[in-house]
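*Asks:* Structure below; questions to follow.
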Amino acid sequence: MVNHPAAPSHPAPCNSVPALLPALLPVLLLAPLIPAAGAARPVWADPTRQHEGLEPAAATATLFADAATARTNDRAQSPFYRPLNGAWKFHWVAHPGDAARPREFWRADFDDRAWKTIPVPSCVELEGHGIPIYTNTVY
């Protein structure tokens, strides 16, 4: 019969930093991604506010005032139909946090006289704003 020395009841402490590195590496890599407690986010970067001001979802069916008009299936005949095509006022900012971003532009008394007018539907890049994302066509 062979006598074996008793195994220690706990592992020996690790005193070398290289041995701890595999355990600490995920913490060190992910730490910059965790926002500081109480750090304020700009409105455009706050995921808890992404649905703020949205209307509830609705079907794309057209409403008509009466059955006879509904049978024509011509949405332009509905008093509830409003096409959005046309000339729209437009103001470009490169970044939503930009100080030049207009605030409260939805108010009826907002002065948009300095804004440019673009056709809708259109592409803002084709109208000279921003950086073209898809560029196999020369702008």
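*Asks:* Please list the radius of gyration and Dmax for the stretch 59-115, considering alpha-carbon atoms only, with Å as the unit.
*Replies:* Taking only Cα atoms of the stretch 59-115, I get Rg and Dmax of 18.3, 53 Å.
*Asks:* Would you kindly give the portion of the calculated P(r) for the stretch 42-139 that falls above 22 Å, as a percent of all Cα pairs? Please report the intermediate quantities before stating the final value.
*Replies:* Numbers: 2705 of 4753 pairs.
Every Cα pair in the stretch 42-139 considered, those over 22 Å come to 57 percent.
*Asks:* Another one. Let me spell out the model: positive unit charges on the Cβ of Lys and Arg, negative unit charges on the Cβ of Asp and Glu, origin at the Cα centre of the stretch 36-139. What dipole size does that give, in debye rounded to 20?
*Replies:* Details: 11 positive and 12 negative charges, 6 e Å.
Result for the stretch 36-139 is approximately 20 debye, rounded to the nearest 20.
Every number here is computed from the coordinates shown, using simple stated rules; none is lab data. Since we're looking at a predicted model, the values are computed, not measured. Glycine also receives a Cβ, built like all others from the backbone with ideal geometry; neighbour counts cover every protein chain displayed.
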